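We did not get these values from a lab; they are worked out from the coordinates using the rules stated. Nothing here was measured: the structure is a model prediction, and the numbers come from that model. Reconstructed Cβ throughout: ideal geometry from the backbone, glycine too, with neighbour counts over all protein chains shown.
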Amino acid sequence: MLPALMVVPTGSDAKTPVEKATLAGGCFWCMVHPFQNLDGVLEVKAGYTGGQMENPSYGDVVSGKTGHVEAVQITFDPSKTTYSEILDLFWRQIDPTDPGGQFVDRGDQYKTAIFYHSEAQKLAASKSRDSLDQSGTYDKPVVTEIREFSGFYEAEGYHQDYHKKNPMGYRQYRSGSGRDLYLTRIWKGKTKEKKPASGWAAYRKKPDDDLRKTLTPLQYEVTRKDGTEPPFDNAYWNNKERGIYVDVVSGEPLFSSLDKYDSGTGWPSFTKPMVPENIVEKEDRSLFSVRTEVRSRHGDSHLGHVFADGPPSTGRRYCMNSAALRFVPEDVLVKEGYGEYVKLFKN
């Protein structure tokens, strides 16, 4: 068993004992943010634990064949927050009565579990679980497992701090998964609310005040003020991963990596839209010329322009701003609610 306590440098000479907690609560995107706000927490990492495969990938784990579960590992200062306080917060993020996964995510890879690093943690976890089970909070037994910690593999970079990198996608996922509705009903004592319509939240433009808070200054300038980002110095101009590109404002699907090509311009370019009905083309007479502007239908975001100098397949070049787009990798399409587009990448 690995020790729960270790010593890390916190300054030039000072050293502070810190402790680790490893917890599985379904989709790890939803388990990072709550603990980052807890006083004394130094770091929260998303990753995989509990299985047999070494250095698994996200694709390996979601297949359900590795024995691993999605989890978070929390490094904290026990002088500022206790392990018991971390467990109390953990229970308020999950449905501990579900033996088959968490909310929309089904399978053993999404089961809840506490992985203890010491005998003290094991006792604290057992006591905390028993107390919750006997509290009358639920009408079904608490089934969260308590298991010995054996190792932790950090998830890929795009999974880390997902709520910061893709705030709108994160909010849409939490809402659509049913997690927020459930937690509100259980912990805030509200009457049971009507379930949302099936599928993810409707694609729509958010209020301007909200967009100012959630978009970066560049994203806001491009999408709301019809700005243009620098060439060769943007997120996706040279991105070669497989997946789809959605509107950063509304989430509506727009383009596929299968139609992306190197135009030599320094901006992400596509031969055609993946979902033509989400594309609006308008005449643009700015800059002393006539061009064709491209906007998203639901988000009304300025995306870029389309030109008639593309490859022979269509003869068109959809020259987009990375700041107006969000890339959704192939392996998380289902989780993010874009499962209908998985079939595009089968061959």
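Just a few scattered comments:
- In Hz, Karplus ³J(HN,Hα) per residue of the range 135-147 (6.51, -1.76, 1.60; θ = phi - 60°; x = Gly, Pro): 7, x, 5, 10, 9, 10, x, 6, 10, 4, 7, 10, 10
- Within the shell defined by Cβ-Cβ distances under 14 Å, the residues around N55 carry a net charge of -4, with Lys and Arg each +1 and Asp and Glu each -1.
- 222 nm mean residue ellipticity, helices alone, for the chain (DSSP H n ≥ 4; -39,500 (n - 2.57); rounded to 500): -6000 deg cm²/dmol
- Shown in residue order for the range 59-75 are the 3J(HN,Hα) couplings computed by the Karplus curve 6.51 cos²θ - 1.76 cosθ + 1.60 at θ = phi - 60°: x, 4, 5, 5, 5, x, 9, 9, x, 7, 10, 5, 8, 10, 10, 10, 9 Hz (x for Gly and Pro).
- Using R0 = 41 Å, the C-beta based FRET efficiency linking T292 and D180 works out to 0.55.
- Shape class for the range 223-347, computed from the alpha carbon gyration tensor (a ≥ b ≥ c): prolate, with a/c not under 1.5 and a/b above b/c.
- Long-range amide H partners of M274 with built H, under 5 Å: F255, S256
- Distances between placed amide hydrogens fall under 5 Å for E156 paired with Y58, all partners being 5 or more residues away or on another chain.
- Within-11-Å neighbourhood charge of L132 [Cβ basis; K, R +1; D, E -1]: 0
- Sequence-ordered 3J(HN,Hα) estimates for the range 285-301 from the Karplus curve with 6.51, -1.76 and 1.60 and θ = phi - 60° stand at 9, 6, 6, 6, 8, 10, 10, 10, 6, 10, 10, 8, 5, 7, x, 6, 8 Hz, glycine and proline given as x.
- Taking the C-alpha atoms of the range 5-173, convex hull volume expressed per residue in Å³: 125
- Compared with the alpha-carbon gap, the fully stretched path from D77 to E145 is longer by 22.0 nm at 0.36 nm per residue.
- Distance between the C-alpha centres of the range 202-228 and the range 292-347: 18 Å, rounded to the whole angstrom.
- Residue order, fewest to most surrounding Cβ atoms within 10 angstrom, among I114, I94, I146: I146, I94, I114
- Fewest-first sequence of M274, M320 by Cβ atoms within 10 Å of each Cβ: M274, M320
- Within the set [x] 106, 54, 38; [y] 72, 54, 42; [z] 66, 46, 41, the number that Cα extents along the principal axes in Å takes when calculated for this structure is listed as [y].
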